[in-house]
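Visitor: Here it is: the structure, laid out below.
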Amino acid sequence: MATIIDGKKTSSEIKDELKEQVEQLKEKNIEVCLCVIQVGSDPASAIYVNNKKKACEYIGIKSLSYELPEDTTQEHLLELIDKLNKQDDVHGILVQLPIPKHIDEDRIIQAISPNKDVDGFHPQSVGRLSIGQKGFVSCTPAGIVQLLKRYNISMEGKECVIVGRSNIVGKPMAMLMLRENATVTICHSRTKNLAEVTKRADILIVAIGKAKFIKNEHVKEGAVVIDVGMHRNENNKLCGDVDYDDVIDKVSAITPVPGGVGPMTIAMLMYNCVESMVPATK
Ligand code: NAP
């Protein structure tokens, strides 16, 4: 029987641990503060922003929200980020992506101070991760490492295959798995004989963005499968990049969709906010 890795439960545990740390900080008159900036009114972004605000409220992190109109200029957004960078009582700054096309996303990411870059997207955060220095780590891959650790799934010496090489999931995931001493292979759309490569994996991490793409034939008997994908199927139900029903009898552990990786992303964002104030505990 496969272990179902419960991201909802694990993320709740992390949020409760953070709540305690935030209370301790408050006793020392330190209030953790996250600024969330949203440009435009994309409905999916509005939901993500709202969930982040709710998580802040639960943990006791102060959240400041800036909801800017769609026609906000790049200059105005850069000015706001500059102002928040200089404010000592602001510890984390997050610009909800995607932003409108007339604004250069890279410019915005680079404008956020690396000391407040709780999304872990700044080139300095990425560079620190690559050379093993302490810094903010992209939340989804960080959440996956937490899931594996908290389910006592050792990464050391394991064959880890990551499908997808995006800047926010695949690449930082590879760096983190290296840090955990796994042997890492990254696959992408030009990889030849994908199933041959993925079948080598003791730990298979899938972030392709294609519903139910990974089937039984891609998975080794007894593998741990982490599904990052998030889609709506023909019945409007959430599903992942992995065909769960097709692989469930073959794997030793798997993250479901929903309730696997998804809830961990916000928990790790909260972790990054608190970590900017207190030394990492895990
Ligand atoms: P992305 O930027 O679209 O990257 C997809 C990656 O998959 C690319 O590297 C692409 O290769 C690779 N790929 C596409 N087709 C492939 C194929 N047939 N064989 C092998 N590789 C293939 O996606 P992302 O931002 O990493 O997100 C991936 C999925 O995770 C999406 O479903 C997204 O919604 C979800 N997601 C979930 C969370 C969460 O919190 N749960 C967070 C982030 C993302 P190339 O580089 O060669 O194009």
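Visitor: Show me, for the range 180-193, the HN-Hα J-couplings you get by feeding each phi into the Karplus relation (A = 6.51, B = -1.76, C = 1.60, θ = phi - 60°), rounded to Hz, glycine and proline as x.
Guide: 3J(HN,Hα) across the range 180-193, in whole Hz: 8, 6, 7, 9, 10, 10, 10, 10, 8, 5, 9, 5, 8, 6.
Visitor: Give me the distance in nm between label points sitting 7 Å out from Cα along the Cα-to-Cβ direction at Glu79 and Asn193, one decimal.
Guide: For Glu79 paired with Asn193, the spin-label model returns 5.9 nm.
Visitor: Ok, one more. Identify, among Gly120, Asn152, Ser12, the residue whose Cα sits farthest towards the positive end of the charge dipole of the chain, taking +1 on the Cβ of Lys and Arg and -1 on the Cβ of Asp and Glu, with the dipole about the Cα centre.
Guide: Positive-end residue among those listed: Asn152.
Visitor: Counting only heavy atoms of protein chains, what accessible area per residue, in Å², does the chain have with a probe of 1.4 Å?
Guide: On the way: 13970 Å² over 282 residues.
The answer is 50 Å² per residue.
Visitor: Each residue of the range 219-235 in turn: what ³J(HN,Hα) in whole Hz from Karplus with 6.51, -1.76, 1.60 and θ = phi - 60°, glycine and Pro shown as x?
Guide: 10, 7, 4, x, 6, 9, 10, 10, 10, 8, x, 8, 9, 9, 7, 4, 9
Visitor: Cα to Cα, under 17 Å, and not fewer than 8 places away if on the same chain: which aspartates and glutamates meet these conditions relative to Lys26?
Guide: Asp16, Glu17, Glu57, Asp88, Asp89, Glu275
Visitor: How much length is gained on full extension from Ser45 to Lys28, taking 0.36 nm per residue of separation minus their Cα-Cα distance?
Guide: On the way: separation 17, 0.36 × 17 = 6.12 nm, distance 3.42 nm.
My answer for the length gained is 2.7 nm.
Visitor: Given +1 on the Cβ of Lys and Arg, -1 on the Cβ of Asp and Glu, and no further charges, what dipole in debye does the range 11-129 carry about its Cα centre, rounded to the nearest 20? Before the final figure, lay out each step's value.
Guide: Numbers: 14 positive and 22 negative charges, 34 e Å.
The dipole of the range 11-129 has a size of about 160 debye.
Visitor: Could you tally the net charge around Lys26, taking each other residue with its Cβ under 12 Å from the Cβ of Lys26, Lys/Arg +1 and Asp/Glu -1?
Guide: On the way: positive: Lys19, Lys28, Lys62; negative: Glu20, Glu23, Glu27, Glu31.
Neighbour charge sum, excluding Lys26 itself: -1.
Visitor: Taking a ≥ b ≥ c as the square roots of the Cα gyration tensor eigenvalues, with a/c under 1.5 meaning rounded and otherwise prolate when a/b beats b/c, else oblate, which class fits the range 29-114?
Guide: Numbers: a/c = 2.37, a/b = 1.28, b/c = 1.86.
The shape class here is oblate.
Visitor: Want the number for Glu105 to Glu70: 0.36 nm per residue separation, take away the alpha-carbon distance, what's left? Please list the in-between numbers first.
Guide: On the way: separation 35, 0.36 × 35 = 12.60 nm, distance 1.42 nm.
Gain in length upon complete extension: 11.2 nm.
Visitor: Here's a follow-up. Placing +1 on the Cβ of each Lys and Arg and -1 on the Cβ of each Asp and Glu in the chain, which of Ala223, Gly135, Thr3 has its Cα farthest towards the positive end of the resulting dipole?
Guide: Ala223
Visitor: Using θ = phi - 60° and the Karplus curve 6.51 cos²θ - 1.76 cosθ + 1.60, what whole-Hz ³J(HN,Hα) does each residue of the range 255-268 get, with Gly and Pro shown as x?
Guide: These are the phi-based 3J(HN,Hα) values: 8, x, 10, x, x, x, 5, x, x, 6, 4, 5, 4, 6 Hz.
Visitor: Just check the range 57-214 against the gyration tensor rule for me: Cα atoms, a ≥ b ≥ c as the square roots of the eigenvalues, rounded for a/c under 1.5, and otherwise prolate or oblate depending on whether a/b exceeds b/c.
Guide: Working: a/c = 2.38, a/b = 1.75, b/c = 1.36.
The shape class here is prolate.
Visitor: Can I ask one more? Could you tell me whether the chain comes out rounded, prolate or oblate from its Cα gyration tensor? Rule is a ≥ b ≥ c as square roots of the eigenvalues, rounded for a/c under 1.5, then prolate if a/b exceeds b/c, otherwise oblate. Write down the numbers at each step before the final one.
Guide: Values: a/c = 1.78, a/b = 1.53, b/c = 1.16.
Here the chain falls in the prolate category.
Visitor: Under unit Cβ charges (Lys, Arg +1; Asp, Glu -1), what dipole magnitude, rounded to 20 debye, does the range 139-263 have relative to its Cα centre?
Guide: Details: 17 positive and 14 negative charges, 84 e Å.
Computed about the Cα centre, the dipole is about 400 debye.
Visitor: Here's something else I'd like to know. Counting DSSP beta bridges with both partners in the range 169-282, what percentage is antiparallel, nearest 5? Intermediate values should be presented prior to the final figure.
Guide: Details: 2 of 9 bridges.
Bridges in the range 169-282 are about 20 percent antiparallel.
Visitor: Find how much the distance from Ser113 to Asp246 grows on full extension, using 0.36 nm per residue of separation minus their present alpha carbon separation; answer in nm with one decimal.
Guide: On the way: separation 133, 0.36 × 133 = 47.88 nm, distance 4.45 nm.
Net length gain for the segment: 43.4 nm.
Visitor: Nearest 20 debye, what's the magnitude of the dipole of the chain about its Cα centre given +1 on Lys and Arg Cβ and -1 on Asp and Glu Cβ?
Guide: Values: 35 positive and 38 negative charges, 117 e Å.
Using only the charged Cβ atoms, the result is roughly 560 debye.
Visitor: Turning to a different aspect of this structure: Enumerate the amide H contacts of Ile205 below 5 Å, restricted to partners 5 or more residues apart or on another chain; note that Pro and chain-start residues carry no placed amide H.
Guide: The answer is Val161, Ile162, Val163, Ile226.
Visitor: Taking a threshold of 23 Å on the Cα-Cα distance, which of the pairs Lys9/Lys210; Lys15/Lys52; Lys149/Lys171; Lys8/Lys158; Lys15/Lys116; Lys215/Lys237 fall above it?
Guide: Working: Lys9/Lys210 26 Å; Lys15/Lys52 12 Å; Lys149/Lys171 20 Å; Lys8/Lys158 26 Å; Lys15/Lys116 20 Å; Lys215/Lys237 19 Å.
Among Lys9/Lys210; Lys15/Lys52; Lys149/Lys171; Lys8/Lys158; Lys15/Lys116; Lys215/Lys237, the Cα-Cα distance tops 23 Å for Lys9/Lys210; Lys8/Lys158.
Visitor: Within 10 Å of each candidate Cβ there may be at most 11 other Cβ atoms; applying that plus a DSSP loop requirement, which trypsin sites (Lys or Arg not before Pro) in the range 14-62 survive?
Guide: The qualifying sites are Lys28.
The values are calculated or read from the model by the stated rules, or taken from the named source; none is laboratory data. The model shown is predicted, which means the values in this text are computed figures rather than measured ones. Glycine also receives a Cβ, built like all others from the backbone with ideal geometry; neighbour counts cover every protein chain displayed. Heads up: the accessible areas ignore ligands, DNA and RNA and are worked out on the full protein's heavy atoms, side chains in. Shrake-Rupley method; radii C 1.70, N 1.55, O 1.52, S 1.80 Å.
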